[in-house]
1. Looking only at region 220-254, filter to residues that are among the polar types (S, T, N, Q) and outside any helix (DSSP H, G or I); which one of those is modelled with the lowest pLDDT?
2. Go through (1) modelled with pLDDT of 90 or more; (2) under 30 Å from residue 422 (Cα atoms) one by one and return the number of the condition residue 257 breaks.
3. Out of the residues in region 49-105 that are more than 25 Å from residue 129 (Cα to Cα) and of a type in the set (Asp, Glu), state the one that is farthest from the chain's Cα centre (by Cα).
4. Kindly list the number of the only condition in (1) surrounded by fewer than 19 Cβ atoms within 10 Å (Cβ to Cβ); (2) within 26 Å of residue 171 (Cβ to Cβ) that fails for residue 142.
5. Quick test for you: out of 388, 370, 378, pick the one residue that is of a type outside the set (Asp, Glu) and under 21 Å from residue 450 (Cα atoms).
6. Please enumerate the residues belonging to region 409-461 that are among the hydroxyl-bearing types (Ser, Thr, Tyr), touching a residue at least 60 places away in the same chain (Cβ under 8 Å) and under 30 Å from residue 387 (Cα atoms).
7. How many residues does region 201-244 contain that are small (Gly, Ala, Ser), crowded, with 21+ Cβ neighbours inside 10 Å and more than 19 Å from residue 372 (Cα to Cα)?
8. Only one of (1) closer than 29 Å to residue 102 by Cα; (2) at pLDDT 95 or above is not met by residue 181, so which one is it?
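The values are calculated or read from the model by the stated rules, or taken from the named source; none is laboratory data. Note that the structure is predicted; figures quoted are calculated from it, not measured. Note: ideal-geometry Cβ built from the backbone for every residue, glycine included; neighbour counts use all protein chains shown.
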Amino acid sequence: MDRPHPYPPRAAVAAIAVGFTICAAAAERVERVSTQIEFSLPAAGPGLSVDIKAALARVSEARSRADADPLALEDALAALGDAFLNESQYATAEAAYAEALRLAEQHGGLKGERLLPPLLGMGNTLAGSGRHEEAVPRLQRAVAIARVQYGLFDLHQQDMLKTLATSLTAVGREREAQDLMIYRARVAEKTYGEGSREVIPALCDLGDWFAEVGMSPEARMVFQVALNIVGSKLNDPVIVEPLRGIARTDMRRQSYPESALRPREAPPFYQFATVGPPPPFRFDAMGKPIVEARVLNREGEYALQRALRVLEADPRASTQTRIETLIQMGDWYQIKKSPREALPHYQRASQLIRTAPGLSGSAATALDFPVRVSYPTPEIVANVLALPPEETQSHYVQIEFTIAADGSVSDARVVDHDTRNRYADDILDAMRAARFRPKFVDGEAVATPAITYREVFWTAKSRE
């Protein structure tokens, strides 16, 4: 039996496009990011990166002739914002983008192409600093301008659509985010053709989004569609990411109780992915739901093993991808509580990290500190209340523990809390059962003592 296609019908895509255009037009009515003052940007100094120093020099030179060439200053400020954003210096990046956006609006109008670099930069900065509510209207406005300038199915949208979907997800607007992620895949398909290998990255992004919001059946189906594009080419390097995505989907599920993973309502064109209503919970004698132990799906393990074989057979495979896949395989075995199988993969990754020339980014530091890979999140933490903030109150439990060289937790104890003892005990038990990717020093896993963890959760306010 043929699987239904994971994309919505073309009529549905058109409806998404029209609806989003209306939404973006409404976003233009919010207060635009503009100011009438000139921001004070830092002077070049020894603590700044080469890129930031170069961008500051460019801004200084462009400012000296701004009256004659305002476009040069606008471009220089946007480039300076990019340099600060790349260093995660959000406040200064925001200042640079704000002045660039003011100039773009002054000289290019409110809907012109000149607004895109500073507007996108501002949206990315707000999203990167966690200010997603503020990021959404800026990114919506940027997408609307891009569509006017380049068309509904132009690839200029892809990155901004992904960032916008991330921010929408962060503020609880998951349905809108889902529509955008599906639309991204349709844009790639429209550009490259149905069944093209070039569509696979967008499909992987869509699958990851489904996995992150707990829609595991949909995620697996999308990754499988990506694999089907490649067909019988079992050693094609392009299958590595879909294979890793299948494993990531199952790995993410391990840290959440079933109540947090219940199938959510899906739009009509996704109802083929549902498998009926979830089974009811069983309860123990104390009235607490019985949570069955979750077992990793062997499909994910086979997928990671296959991905590693493909990478080992491909001399052109990037070192970063090899490292990331080896670490993911190690994490898989840690979740299975099989440290003897996990450690050799971590050690191979550590060897690559130490010998790879010029390696940078997250792969270069992936084993420099412990990372939690499995945590049986207690029900009190996982079940977020659907109540307005004024009707909830926050609580915390602070725990201190040691991460052993095999990634297990020892000597865990509660050092402070402001909640019921029962909740504190549940969180302590969860941390004792957690598993970590251990820290590596000179190629060997080492213990990390005196780790402090603070769990924050919310409950309904007492009516008394």
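1. Result: 232.
2. (1)
3. 67
4. Of the numbered conditions (1) surrounded by fewer than 19 Cβ atoms within 10 Å (Cβ to Cβ); (2) within 26 Å of residue 171 (Cβ to Cβ), the odd one out for residue 142 is (1).
5. On the way: 388 fails: under 21 Å from residue 450 (Cα atoms); 378 fails: under 21 Å from residue 450 (Cα atoms).
Within the list 388, 370, 378, the selection yields 370.
6. First pass over region 409-461, keeping only residues among the hydroxyl-bearing types (Ser, Thr, Tyr): 410, 419, 423, 448, 452-453, 459.
So of that shortlist, the ones also touching a residue at least 60 places away in the same chain (Cβ under 8 Å) come out as 448, 459.
Listed by number, the list holds a single entry, 459.
7. Within region 201-244, residues that are small (Gly, Ala, Ser), crowded, with 21+ Cβ neighbours inside 10 Å and more than 19 Å from residue 372 (Cα to Cα) number 4.
8. (1)
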